[in-house]
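Only one structure is covered here, and it is reproduced in the block below.
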Amino acid sequence: MTENKQITNVFIISDSVGDTGDQVARAAAAQFLDAHLRFSRYPFTQTISLLDSILKKAEREKAMIFSTFVDPKLNQRTKTFCQEKNLKYFDVLTPAIQLFAEETGLTSSNTPGRRHSLNENYFDKISAMEFAVTYDDGKDPAGFLKADIVLLGVSRTSKTPLSLYLANKGYKVANLPLVPKTQIPEEIWQVDRDKIFGLTTTKEVLNGIRRQRMISYGLNPDSSYADMDSINKELQFADDLFKKIGCLVINTANKSIEETATIIMESLD
């Protein structure tokens with residue numbers, strides 16, 4: 001018989017997109033691996049009537065509430081309701097806004113979504129995302145000369161997801177998969193080595209990732225793609241190239257995309 005698992009409902013309510021509250025809630029929840037959580041996001045909640053309907057639903061589901069309101073009326077309404085109904089409530093933004101107000105002596109604009117406005121940085125990110133897609137997997141070697149960051153690595157070292165993550169930070173990223181006995185584009189040798197980052201991993205991690213990938217495709221996991229001898233040759237080929245270039249090498253084994261990206265951004269800074 002299947003064991004009944006207690007599910008905790010988590011509501012993220014915002015008068016803007018709700019990304020900030022969602023990220024804070026999920027970052028905290030990640031510390032509780034055995035918890036069974038259901039996240040529900042309610043963005044652009046900008047009227048009392050809409051907020052009240054969401055709060056009544058939260059009461060029925062005994063939900064925890066994370067809010068990112070900049071409108072004091074909505075914020076107070078949520079706080080009062082949660083106190084009266086004994087619901088767990090975390091106000092993500094207000095303490096930080098008050099801190100800045102005290103330090104600067106200025107008054108908050110109380111404008112929802114200021115972080116998401118269509119400013120120059122927003123369009124830079126869109127442009128960087130398009131760049132990452134265009135120059136993914138060495139499709140056009142010309143991209144290496146235009147890029148802020150060039151990623152080199154054997155297959156399954158997170159080149160593409162890392163490129164997209166860095167693009168979301170505004171960096172133009174091009175990447176190249178490394179395969180033994182293939183010609184390295186001449187453009188690579190023209191790039192400032194401080195912009196080039198070699199991605200490597202351990203043979204055990206790479207073998208495990210590749211075997212799972214083959215299985216998910218319904219293919220033989222013992223193919224040459226996942227063969228240990230082939231993996232060793234690929235990693236050695238990559239390591240020899242990294243030494244010739246003199247670039248920073250990052251072992252991505254057991255590192256998250258965020259950790260690897262942070263190392264790269266700090267190196268550039």
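The values are calculated or read from the model by the stated rules, or taken from the named source; none is laboratory data. All of these numbers come straight from a predicted model, not from anything done at the bench. All Cβ positions, even for glycine, are placed from backbone atoms using ideal geometry, and neighbour counts span all protein chains on display. In case anyone asks, the SASA skips ligands and DNA or RNA and just uses the protein heavy atoms, side chains included. Shrake-Rupley method; radii C 1.70, N 1.55, O 1.52, S 1.80 Å.
Based on alpha carbons, the Rg and Dmax found for the stretch 132-207 are 11.9, 35 Å. Using only Cα atoms, locate the centre of the stretch 8-35 and the centre of the stretch 74-98, then give the distance between them in Å, rounded to an integer. Cα centroid to Cα centroid, the span is 15 Å. Calculated from the structure, volume of the Cα convex hull per residue in Å³ equals which of (i) 187; (ii) 111; (iii) 166? For volume of the Cα convex hull per residue in Å³, the calculated option is (i). Computed 3J(HN,Hα) for the stretch 255-269, one whole-Hz value per residue from the Karplus formula 6.51 cos²θ - 1.76 cosθ + 1.60 where θ = phi - 60°, is 10, 7, 4, 4, 5, 5, 4, 5, 4, 5, 5, 5, 5, 5, 5, glycine and proline marked x.
Greater than 20 Å separation of Cα atoms is the criterion. Which listed pairs, 139/181; 125/243; 57/85; 169/243; 62/85; 5/255, meet it? From 139/181; 125/243; 57/85; 169/243; 62/85; 5/255, over 20 Å: 125/243; 169/243; 5/255. For the stretch 10-68, the solvent-accessible area with a 1.4 angstrom probe is 54 square angstrom per residue.
Only helices enter this figure: runs of n ≥ 4 DSSP H residues, each worth -39500 (n - 2.57), summed and divided by the residues of the chain, yield -14500 deg cm²/dmol at 222 nm to the nearest 500. Annotation for the stretch 225-254 versus the stretch 128-173: alpha-carbon center distance of 18 Å.
Partner aspartates and glutamates whose Cα lies under 18 Å from the Cα of residue 146, excluding those fewer than 8 positions away in the same chain, are identified as 124, 130, 136, 137, 186, 187, 192, 194. Placing unit charges on the Cβ atoms of the charged side chains and taking the dipole of the chain about its Cα centre, the candidate lying farthest along the positive direction among 263, 14, 236 is 14. Taking the Cα centre of the stretch 210-269 as origin and assigning +1 to Lys and Arg Cβ atoms and -1 to Asp and Glu Cβ atoms, the resulting dipole is close to 180 debye.
Quick note on the stretch 9-145: its Rg to Rh ratio, both from C-alpha atoms and Rh being the Kirkwood radius, is 1.10.
Normalised by the number of residues in the stretch 134-269, the mean separation of alpha-carbon contacts (under 8 Å, six or more apart) gives a relative contact order of 29 percent. Peptide packing for 5-18, 148-161 was compared via the average number of neighbouring C-beta atoms within 10 Å per residue; ordered from the highest value, the list is 148-161, 5-18. Accessible surface computed residue by residue for the stretch 74-217, with neighbouring protein chains in place and a 1.4 Å probe, gives 60 Å² per residue.
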